[in-house]
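Only one structure is covered here, and it is reproduced in the block below.
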Amino acid sequence: MKTTIPQSNQQSAGNNWNNTISPGMQSYTVDDIINAYEKGCDDGLAVYLKKMRKELKSNLQNTLPVMEKFFNSINLEKEHCKLMLLRLADINRFNFIIAIDKDVFFNDQLCQPIYEKSFDVRKQNPNLDISFMPFYGSLNIESLDSDNFIAIYGKSE
């Protein structure tokens, strides 16, 4: 059986489709669709950023006191730790570097208790990574800054 397709006054292809109005429906141009898509993306991004900011703030409010307590516990007898720096690995994970006096850093007997305390803190807070570096009277803050670390506690002298 042979089927014939009736011809229409409208083009079946090309740019004419965006001028077609369905009965009872509003016509949208390509620009209207793009604008609606962009608005949806912007609204979704704003909601995501608000949630992300809230979660990051909560995580930092829980983490920073733990690290401050750890930092101060090392400095109870002598001020071995000079500066603590923080890098956000992501909103749930944090990297800390603690600058320790070079005489302590290179003395296994003095540094071992500090490492052991850091292991305990790490066990209780798996979202933290703690590293140490020797302090020689000053730090190259610009270099640490380029690695996305920010000084948060102590003095770089």
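Read-outs: derived from the displayed coordinates by stated rules, not from any lab. Everything numeric in this text was worked out from a predicted model, so none of it was measured. With ideal geometry, Cβ positions are generated from the backbone for all residues, glycine too; neighbour counts draw on all protein chains shown.
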Test of understanding: what is the full-extension gain from Leu110 to Ala36, defined as 0.36 nm times their sequence separation minus their Cα-Cα distance?
20.3 nm
Rounded to the nearest 0.05, what FRET efficiency is calculated for Asn95 and Tyr28 with R0 set to 41 Å and r the Cβ-Cβ distance?
0.25
Within a Cβ distance under 15 Å of Glu38, other residues only, what is the Lys/Arg minus Asp/Glu net charge?
-3
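Go through 34-41, 121-128 and give me the packing order, highest mean Cβ count within 10 Å leading.
Values: 34-41: 10.4, 121-128: 13.2.
Going from most to least packed, we get 121-128, 34-41.
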Report the full-extension gain for the segment Lys54 to Asn127: residue separation times 0.36 nm, less the Cα-Cα distance, to one decimal in nm.
24.6 nm
Roughly what would the spin-label model give for Asn75 and Ser143, points 7 Å off Cα along C-beta, in nm?
2.3
Excluding residues on the same chain fewer than 8 positions from Lys82, give the lysines whose Cα lies under 24 Å from its Cα.
Lys69, Lys102, Lys117, Lys123, Lys155
Could you name the aspartates and glutamates in cross-link range of Lys51, using Cα to Cα under 19 Å and dropping any fewer than eight places away on the same chain?
Asp42, Asp43, Asp90
